[in-house]
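Nothing in this text is a laboratory measurement; each read-out follows from the coordinates by a stated rule. This is a predicted model, so every value here is computed, not measured. Please note: Cβ atoms are built from the backbone with ideal geometry, for glycine as well, and neighbour counts cover all protein chains shown.
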Amino acid sequence: MTTHTTRMLIIGSGPAGLSAAIYGARAGMQPIVVQGLQPGGQLTITTDVENYPGFRDVIQGPWLMEQMQAQAEHVGTRVIWDTIVDIDLASGSPFTATGDSGDTYVGDVVVIATGAQAKWLGVLGEQELGGKGVSACATCDGFFFRGKKVAVIGGGNTAVEEALYLTNHSDDVTLIHRRDELRSEKILQDRLFANPKIKVLWNKQVTRFLGDPAGQGLASLELKDTVTGAVSDFIADGAFVAIGHKPATELFKGKLPMDENGYLLVEPGTPRTSIPGVFACGDVMDHIYRQAVTAAGTGCMAALDAERFLAHREFEAGKELPSVAAY
């Protein structure tokens, strides 16, 4: 077993973690990124990306993450394929984490970028048609369904917000909910019911996604009436599963404050957690925006705050201030 030491230990390798690594490496902190169970994060299961700044044409999510990792490594980041299974935050800096491999990771600061995963229905066709008409992010993929018929599955704030957003691209949006009333805030419901582009199907449960015979994408949704049990087909070009997200924060339960949904709590407007030297960025602390570009932005913030934390600590200890690379 090996002990890896670094000034900046980054847990997670999506846009937030790799952006933190790029900025941290350029500040001379020689960061280590522990990739986790899904190296590259959610973008590695995203096909077309059209809203990341700097690219005129549609790019592929996995390719974008490969480029981010290559840039991070080029400026001095070590990327290690391992999964953190335990971490001691209570003892303060330096923090010690244990990998599934048995290796130990010691970092003067820790950047948590473990992300979040969309909740899925777990029905037939959902995985096979992912990126081919079935999505969990209207903001990411709604643009591809301009002028087409789309469905949103869910009944909470996320589903209503997704349905409202999709009216920017489609005049035919249907919200499908398994109950006879929504769970979202009343103000959102009022906006939904007032929008002529949106229809609601009550007491309907999606039991299957069906592709077209040519294998080009989604053709319809199989629905089961939750009251009568009757089965029907709903034709749609796109379907957006909007039943919430689950942040990857199991590792930090009892160690860091979280909200009722498990998202890490940070000081408003910053990536700083309640423990000095521990920072959280990306979807693990952001349940509102959940975009690659916002995750990257908070990763940058985490690295800048981490560098300032270390510089202040070393100054207070009477040490020579480290040289800081230009950002």
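Could you size up the charge dipole of segment 134-241 around its Cα centre, putting +1 on the beta carbon of Lys and Arg and -1 on that of Asp and Glu, and report it in debye to the nearest 20? The partial results should precede the final answer.
On the way: 13 positive and 14 negative charges, 21 e Å.
Dipole of segment 134-241, to the nearest 20 debye: 100 debye.
Name the residue farthest towards the positive end of the dipole of the chain from the options Ala214, Val75, Leu310, assuming +1 on Cβ of Lys and Arg, -1 on Cβ of Asp and Glu, about the Cα centre.
Sorting the options by dipole projection puts first Ala214.
Can you list the cysteines of the chain that have no other Cys Cβ under 4.7 Å away?
Cys281, Cys300, each lacking another Cys Cβ under 4.7 Å.
Set the Förster radius R0 to 51 Å, insert the Cβ-Cβ distance between Val106 and Arg208 as r into 1/(1 + (r/R0)^6), and round the FRET efficiency to 0.05. Provide the component values of the computation, followed by the final result.
Working: r = 49 Å, r/R0 = 0.96.
The pair Val106/Arg208 has a calculated efficiency of 0.55.
Residues of segment 209-229 with backbone nitrogen within less than 20 Å of a virtual label 7 Å along the Cα-to-Cβ line of Lys148, please, listed as ranges.
Residues passing the 20 Å test: 209-223.
Could you give the longest part of the chain that holds none of the GluC sites (Glu not before Pro) found in DSSP loops with at most 13 neighbouring Cβ atoms within 10 Å?
Counting at most 13 other Cβ atoms within 10 Å as exposed, the longest clean stretch of the chain is 51-127.
Over the chain, what is the percentage of antiparallel beta bridges among all DSSP beta bridges, to the nearest 5?
On the way: 27 of 61 bridges.
For the chain, the DSSP antiparallel bridge percentage is about 45.
Enumerate by residue number the trypsin sites (Lys or Arg not before Pro) in segment 240-302 meeting two conditions: DSSP loop (anything except H, G, I, E, B), and at most 14 other Cβ atoms within 10 Å of the site's Cβ.
Details: sites: Lys253, Lys255, Arg272, Arg290; in loops: Lys253, Lys255, Arg290.
Answer by residue number: Lys253.
Please identify every one of the chymotrypsin sites (Phe, Trp or Tyr not before Pro) in segment 210-293 that sits in a loop by DSSP and has no more than 14 other beta carbons within 10 Å of its own beta carbon.
Within segment 210-293, the qualifying chymotrypsin sites (Phe, Trp or Tyr not before Pro) (loop, at most 14 other Cβ atoms within 10 Å) are Tyr289.
If you bin every alpha carbon distance in the chain into 10 Å steps from zero, what whole percent lands in each bin?
6, 25, 29, 21, 14, 5, 1, 0
Less than 15 Å apart at the alpha-carbon level, and either on another chain or at least 8 residues along: which aspartates and glutamates does that give for Lys197?
Cross-link targets: Glu161, Glu162, Asp171, Asp172.
Quick one: if you stick a label point 7 Å off each Cα along the C-beta vector at Arg179 and Glu316, how many nm between them?
For the pair Arg179/Glu316, the computed spacing is 4.8 nm.
Whole percent per 5 Å bin, from 0 to the bin with the longest distance: what is P(r) over all C-alpha pairs of segment 134-241?
3, 13, 25, 24, 20, 11, 3, 1, 0
Say we join alpha carbon atoms closer than 10 Å with springs in a Gaussian network model of the chain; which of Pro271, Pro257, Pro62 then has the biggest fluctuation?
It is Pro257.
Cα to Cα, under 28 Å, and not fewer than 8 places away if on the same chain: which lysines meet these conditions relative to Lys255?
Partners within reach: Lys119, Lys246.
Between segment 68-139 and segment 181-206, what is the C-alpha centre distance in whole Å?
34
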